[in-house]
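The values are calculated or read from the model by the stated rules, or taken from the named source; none is laboratory data. Not measured: the values here are computed from a predicted model. Cβ coordinates were reconstructed from backbone atoms using ideal geometry, including for glycine residues, and neighbour counts include every protein chain displayed.
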Amino acid sequence: MHTRRLVRFAWRVIYASPLQSNRMTKRFHMYWMRESGCDLGTPLDAGELDAVIRARVLELAGGDDRTLDLYLPFLDARESFRRAEALRAVTLVRDGNAIRSIPPTAAAKLRDRAALLLAMHPAWIGAPPECHPAYFRTWQAVSLAVQSALRCWIPEIYFRDPARYEDRDAAFPLLVYAASRPCRGRASTEFTYDVADEEVLPRALHQIGASLRSVLESVERRLYDCGRPALARRYAPRWHQDVVRAVQRRPRPLLGLLGDEAAVVNALVGLGSGAKMRAVKPFARSAGMALRTMYGEDLRPLALRLLEEATRTLESELRHPIEMPRAISQSQLAA
């Protein structure tokens, strides 16, 4: 029996060790955004991987001799402190030349995407901070793009079922919101309507007539196409002044929309204007809270679309900089 054990041990030393050694020298480029520090393509051997995920990563890598990219989830400061616990819950999948973590929730997916953009996308890296001459102009453009997108997307989602037009008390504020003027900002750091300002309704509804008639015309046409002529006549463009007066008598739903819109815009500005990883978690939390019950709908899936809308606008703005945009180092990202 003792001899057999010696033989098995010798076989492991002679044959198994080279195989294990080859697996441990497998190379990766790691992308891992954290509040405590960032890895942006850091080269490392399998043996340098965290022990909690090493076996799973090597299994997914298989016998591939290429250097693979490894993408791990964003961790805030608390999660980084409990790194082993956080990594143990991570689901990893092979995706071509990369191994990626699968976000368990929509909020985690939003955090991962925001952190990756903030760390690696030129438009977000070059986004101006508050002290930059281009700060107001750039983030004003982002604000206007986001406001315009929400005025288009929210009615599309809410009125998926044409029967919702039957409740005019609920429909009118949303249609007025869709036709209302996006806020262009007033002060150097104010990009949205302030719902506490008593002038917010006059400003939002200023010269709304033409745009509201256009919105009502499209509603009327849709209801006729759906075979609901009686309901369509209630939304004829000629009634636009009555619609505005109805909303002015009960302004709370419209003010709620403007308040949630402001929270989303401010979250995006806060994410990009500081260029810090510690802004990721507050951004995801604020945007999620604002969109979770926006006009009675769970609109959190729109957060990623709004992030991409902001990215496109930043790209456009940075093609015409006032000054050369700044670059940030990995140490600044973690600051």
Subset of the stretch 112-162 (residues that are touching an Asp or Glu at 6+ places or on another chain (Cβ under 6 Å) and among the small types (Gly, Ala, Ser)): ALA123, ALA141, ALA145, ALA149
Under 22 Å from ARG252 (Cα atoms) and exposed (fewer than 15 other Cβ atoms within 10 Å of the Cβ): is that true of GLU130 in this structure? no
Checking GLU261 against (1) more than 19 Å from ALA145 (Cα to Cα); (2) touching a Leu at 6+ places or on another chain (Cβ under 9 Å), the condition it does not meet: (1)
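Take PHE191 and decide whether it is surrounded by 16 or more Cβ atoms within 10 Å (Cβ to Cβ), aromatic (Phe, Trp, Tyr) and closer than 30 Å to LEU216 by Cβ. Give the derivation first.
Details: surrounded by 16 or more Cβ atoms within 10 Å (Cβ to Cβ): yes; aromatic (Phe, Trp, Tyr): yes; closer than 30 Å to LEU216 by Cβ: yes.
For PHE191, the condition - surrounded by 16 or more Cβ atoms within 10 Å (Cβ to Cβ), aromatic (Phe, Trp, Tyr) and closer than 30 Å to LEU216 by Cβ - is met.
Would you be able to tell me the number of residues in the stretch 292-322 that are more than 30 Å from ARG164 (Cβ to Cβ) and out of contact with any Lys or Arg (no Cβ under 8 Å at 6 or more places or on another chain)? Talk me through it step by step, then tell me what you get.
Of the residues in the stretch 292-322, the ones more than 30 Å from ARG164 (Cβ to Cβ) are 311-322.
When the remaining residues are screened for being out of contact with any Lys or Arg (no Cβ under 8 Å at 6 or more places or on another chain), the result is 311-316, 318-321.
Residues in the stretch 292-322 being more than 30 Å from ARG164 (Cβ to Cβ) and out of contact with any Lys or Arg (no Cβ under 8 Å at 6 or more places or on another chain): 10 in total.
With a cut-off of at least 1 residues that are in contact with a strand residue (DSSP E or B) (Cβ under 6 Å, 6 or more places away or on another chain), without any contact (Cβ under 8 Å) to a residue 60 or more places away in the chain and closer than 20 Å to GLU309 by Cα, name the helices (runs of 4 or more DSSP H) lying wholly within the stretch 162-274.
Numbers: elements: 168-179, 200-204, 209-225, 229-234, 240-249, 252-274.
Because the criterion is at least 1 residues that are in contact with a strand residue (DSSP E or B) (Cβ under 6 Å, 6 or more places away or on another chain), without any contact (Cβ under 8 Å) to a residue 60 or more places away in the chain and closer than 20 Å to GLU309 by Cα, the helices (runs of 4 or more DSSP H) in the stretch 162-274 that meet it are 252-274.
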Take TYR135 and decide whether it is in the same structural domain as PHE283 (by TED's automatic domain parsing) and modelled with pLDDT of 95 or more. no
